[in-house]
Structures are given as C-alpha cells and as structure tokens.
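Below is one structure, written out as structure tokens; the observations come after it.
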Amino acid sequence: SAVISQKPSRDICQRGTSLTIQCQVDSQVTMMFWYRQQPGQSLTLIATANQGSEATYESGFVIDKFPISRPNLTFSTLTVSNMSPEDSSIYLCSVGDRGYEQYFGPGTRLTVT
Amino acid sequence: GEDVEQSLFLSVREGDSSVINCTYTDSSSTYLYWYKQEPGAGLQLLTYIFSNMDMKQDQRLTVLLNKKDKHLSLRIADTQTGDSAIYFCAENSGYALNFGKGTSLLVTP
C-alpha cells in the first residue's frame, strides 16, 4: 500500500489567514483526493487533485477558498484561504491505488481561532 | 446526495463478536469499504469487498454484502480492547468515496 505523509500534522491559525497543507506519497499515483472531516462528523470530499490541470471540486467547495496544486504524481497541496472558525477540521489527503484501494494520510488537524 | 447510514454507537464485551451494519445508497458501487479510525489518527483501510461477492473473510474480520438490500456488515470476531475505534463504511462514487457517519465501537473488559 502507498505510504502517505502530510505536513503540518496540526496547526492553530488566526481568522483571516491561510494555511497550505502538503501531501507526499512514496510512489506515483494517478488519483489524489482531499477530504474534510469536521468535528464528530464523517468525511466529505473537497476535490480531486488532477496532475497538470485544475482540480475538480465537489458541490459546496470552490477554488478561491480551497486552491489545490498537483505538480506531479507524488505530491499535492491544499490551501485553506481566509480562514474562519468554521474551517476548523481535519483535512485528509487520500490516494487511489490499483483502481479500487484508497489510502489516507494521517490528516492535518486545523483549529482556527 | 443520499446518505450512507450507520448506527452511531456499539458497545461489546471483550471476547464477544461485534457486528457493525451499514446501508449504502448507490447500487452501481463497485467496491464497498470498511475503514477504522482510532482517536487522533487517520483512516486505516481495514477491508473492502467487490460488489459481485457476498462474503469476504480476513482473519478476525468478516464482511457480508446483501446487494439486493444494499446492506453491508462488518463482523469482528473475538473483539479486543484495541478494536475500540470509529468504523466507517464507504461506497465508491466514481473514483472518490462516499462515507457513512461512522460507528463508534467501545469494547469493555
């Protein structure tokens, strides 16, 4: 299975600032995704990170708020822009492997004050 | 979209079997998954089942799939205190996953 790391593992940020989360995979993968897990809730897909082109966003998520980069097949970033306390969540990167297995990174725990 | 449904809480005694149930929404889902999330940790892929199967066994884990009723279950045999965690059922929706809200399993000594 793919080994996924995320940076930072946690952060406390002030309202109005932005945070960029990095996701690094130990092998080339076709599919990379970003999910959000709000406190006590399930996971919600934010977007699919496409290598070499713009990310594909799910309903309710927009590029201006959550810009995503995917410069190559092993790396992606998610930025949470102009943060508010409602953005306090765990942000998880996941990768698709062999077409059906999906593995998750350890998550980035974000608290916005 | 429709929700993947799971009961929110299950408590079992150590050594007993645990059964966690899930009702999914998309009859065209190709794979169905069970993930485990321990406190403060990410999601661990426990097992998955292809939609043309009705059962899969992997050591202490048994997955049963009733495609007609869109019902999925995870049975954990000989449940241990280390199995205490939140268990998420998920269906594939295209390439991405649609998750249930998770079942919190508490194993008591």
The range B:22-43 residues that are away from chain A (no Cβ under 11 Å) and closer than 15 Å to residue B:64 by Cα, paired with ones that are β-branched (Val, Ile, Thr) and open to solvent by less than 30 Å² (accessible area, probe 1.4 Å) (beta carbon under 6 Å, 6 or more apart) = B:24/B:4; B:34/B:47
Residues that are in contact (Cβ under 8 Å) with a residue 40 or more places away in the chain, within 14 Å of chain B (Cβ to nearest Cβ), outside any strand (DSSP E or B) and open to solvent by 30 Å² or more (accessible area, probe 1.4 Å), drawn from the range A:84-113 | A:106
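Go through B:61, B:97 for me and flag whichever is closer than 17 Å to residue A:41 by Cα and either of a type outside the set (S, T, N, Q) or over 12 Å from the mean Cα position of the chain (by Cα) (or both). Break it down into steps so the answer makes sense when it comes.
Details: B:61 fails: closer than 17 Å to residue A:41 by Cα.
On inspection, the qualifying residue turns out to be B:97.
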Here the residues within the range B:89-109 that are assigned to a strand (DSSP E or B), open to solvent by less than 60 Å² (accessible area, probe 1.4 Å) and either under 13 Å from residue B:29 (Cα atoms) or of a type outside the set (S, T, N, Q) (or both) are B:89, B:90, B:91, B:92, B:96, B:97, B:98, B:99, B:100, B:105, B:107
Residue list for the range B:62-72, restricted to those being in contact (Cβ under 8 Å) with a residue 24 or more places away in the chain and crowded, with 16+ Cβ neighbours inside 10 Å | B:63, B:65, B:70, B:72
Test result for residue B:86, open to solvent by less than 40 Å² (accessible area, probe 1.4 Å) and either within 14 Å of the chain's Cα centre (by Cα) or closer than 23 Å to residue A:93 by Cα (or both) = no
Taking the range B:5-51, which residues are open to solvent by 40 Å² or more (accessible area, probe 1.4 Å), of a type in the set (Val, Ile, Thr) and out of contact with any Leu (no Cβ under 9 Å at 6 or more places or on another chain)?
-> B:30
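What are the residues in the range A:66-83 that are over 20 Å from residue A:25 (Cα atoms) and buried (at least 17 other Cβ atoms within 10 Å of the Cβ), if any?
From the range A:66-83, those over 20 Å from residue A:25 (Cα atoms) are A:66, A:80-83; that's our starting set.
Hits for the range A:66-83 are A:66, A:80, A:83.
The values are calculated or read from the model by the stated rules, or taken from the named source; none is laboratory data. In this text the structure is predicted, and so the values were computed from the model without any measurement. Quick reminder, even Gly has a Cβ in these numbers, built from the backbone with ideal geometry, and neighbours come from all protein chains shown. Quick note on the areas: whole protein, heavy atoms, side chains included, nothing else; ligands and nucleic acids left out. Shrake-Rupley method; radii C 1.70, N 1.55, O 1.52, S 1.80 Å.
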